[in-house]
1. Say we look at the range 18-50 and pick out the residues that are without any contact (Cβ under 8 Å) to a residue 12 or more places away in the chain and charged (D, E, K, R); which of these is least open to solvent (accessible area, probe 1.4 Å)?
2. Which of the residues belonging to the range 51-74 are assigned to a strand (DSSP E or B) and open to solvent by 60 Å² or more (accessible area, probe 1.4 Å)?
3. Would you pick out the residues in the range 33-81 that are more than 15 Å from the chain's Cα centre (by Cα) and among the small types (G, A, S)?
Amino acid sequence: MTNSQIRRFGSTYLSSLEASRDACVELNEFWQQTGIKDELSAQVELCIVEIMNNAFLHAYAEEEGRPIELMCEIDGEITQQLKLSISDHGTAMSQKELAMKLSRDFIEPDPADDSTWTTSGRGFIIVSSLMDSVALKIEDGKNTFVMTKELVGSD
């Protein structure tokens, strides 16, 4: 693969809790062809599940059958970059809310303290720890989370 060569995967899924799993199965086939290692694919899968489930649960208020678009690009040869874009057309999160969720500390659940078992916002902490960057673009009613990960060689 030359520096100018970009490998792409893209598909649209109908919103549901199962959509993210279906997306990961299809995306894994693409990653196997591009040499992405299993450990990295497992980490990125977790990010896809978190963001696609958030689209279903929050942007679409658990309404099934609405479109969630997934794009994956791998660019470069020696230093590669993996870029994921997940889009929905539902209720948008504000930039301020995203920044707040990305900057929170992870709180380990304590069996003696019920308040530590809440899952709200924990997914964004996981995503930000696994990816190099996480951004939200809102344009013409389309909300797109863009996540990047720098890869070395055939990571």
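The values are calculated or read from the model by the stated rules, or taken from the named source; none is laboratory data. Remember, it's a predicted structure, so these values are computed and weren't measured experimentally. Here the Cβ is made from the backbone with ideal geometry for all residues, glycine too, and neighbour counts use every protein chain on show. In case anyone asks, the SASA skips ligands and DNA or RNA and just uses the protein heavy atoms, side chains included. Shrake-Rupley method; radii C 1.70, N 1.55, O 1.52, S 1.80 Å.
1. My answer is D22.
2. Selection gives M71 alone.
3. Here is the first cut: in the range 33-81, the residues more than 15 Å from the chain's Cα centre (by Cα) are 33-39, 60-67, 75-80.
Once the filter is applied, which keeps residues that are more than 15 Å from the chain's Cα centre (by Cα) and among the small types (G, A, S), the range 33-81 yields G35, A61, G65, G76.
Table: residues versus (1) at pLDDT 95 or above; (2) under 14 Å from the mean Cα position of the chain (by Cα); (3) over 13 Å from L84 (Cβ atoms).
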| residue | (1), (2), (3) |
| --- | --- |
| S115 | no, no, yes |
| T118 | no, no, yes |
| I125 | no, yes, yes |
| M147 | yes, yes, no |
| G153 | no, no, yes |
